[in-house]
């Protein structure tokens, strides 16, 4: 399992994913689940994946090789570098998921293996709107909005409460968004052994069509340790200052 979170903010996107994969307690590996396509000043697209690693890697490889255009099978294949909009990028991911399903799902059922895959897709093309999508295993998708400014895939339940309480599309800055994403991940890492370091962080500022920052955060990262410890102390102190219920 994994955990990926994307924050859709007025200033841009913050996207964070872990890298742990496991096929049992004695088979744990590290794989990046973050993929980027960038043509500076023209387009920047980021994809994060959760679910069965074989499925998600097949989808990404198919996106790299390209899929035939829906209205012209004889034309050049469509890729993330040729889609005209982010909506069409989400449709392309959905088509790739359905293609992998048509090829592999029956064999997987025969092995009692579920077809599990989901994706976060964020980015912007020049002259177009910044978008953030969640693509499901059926190939359909939803997009983040100012009313619902974050999307999660994988083990999302532990990292959701702080986002529900704090995140605001037009009031949360990119810098504050980074802190929120890291705290959301910290809660998940603490509560679920199937999510772990290192973490891949991508920051994208609106209307620049470039990646501001793409970095990997390791378990002994000084800032992450400080953030985690400070947050734990703040929660503990807040709990201790709460008044007792008057009915006791």
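Rule-based calculations on the coordinates, nothing more; no lab input. Note that the structure is a prediction, hence the values are computed from the model and not measured. As a convention, Cβ positions derive from the backbone with ideal geometry for all residues, glycine included, and neighbour counts pool all protein chains shown.
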Computed over the range 102-225, the Cα gyration tensor eigenvalues, each multiplied by 5 and square-rooted, give semi-axes in Å (largest first) of 27, 21, 15
With a ≥ b ≥ c from the Cα gyration tensor eigenvalues, square-rooted, and the rule rounded for a/c under 1.5, otherwise prolate when a/b > b/c and oblate otherwise, the range 184-231 is prolate
With the 8 Å Cα cutoff and a minimum separation of six or more residues, the range 158-234 has a relative contact order in percent of 25
Contour minus Cα-Cα span, residue 218 to residue 32, at 0.36 nm per residue, comes to 65.7 nm
What one gets for the range 158-210 as the Kirkwood radius, inverse of mean 1/r over different Cα pairs in Å, is 12.3
Checking 171, 50, 90 against a Gaussian network model of the chain (alpha-carbon springs below 10 Å), the top fluctuating residue turns out to be 171
Taking 32, 58, 102 and counting other beta carbon atoms within 10 angstrom, the fewest-first order is 102, 32, 58
Hits in the range 182-205: amide N under 19 Å from the 7 Å Cα→Cβ extension of residue 232, namely 182-199
Taking the reciprocal of mean 1/r across every pair of different Cα atoms in the chain, the Kirkwood radius in Å is 19.0
Contact order relative to length for the range 97-176, counting C-alpha pairs under 8 Å separated by 6 or more residues, stands in percent at 22
Taking Cα pairs closer than 8 Å and at least 6 residues apart, the relative contact order of the chain in percent is 28
Residue span residue 164 to residue 105: 0.36 nm per residue of separation minus Cα-Cα distance leaves a gain in nm of 17.7 nm
Highest GNM mean-square fluctuation among 181, 238, 117, for the chain with Cα springs under 10 Å, belongs to 238
Largest fluctuation, 190, 20, 98 only, Gaussian network model of the chain with Cα springs under 10 angstrom, belongs to 190
A convex hull over the alpha carbons of the range 1-96 yields, per residue, a volume in Å³ of 109
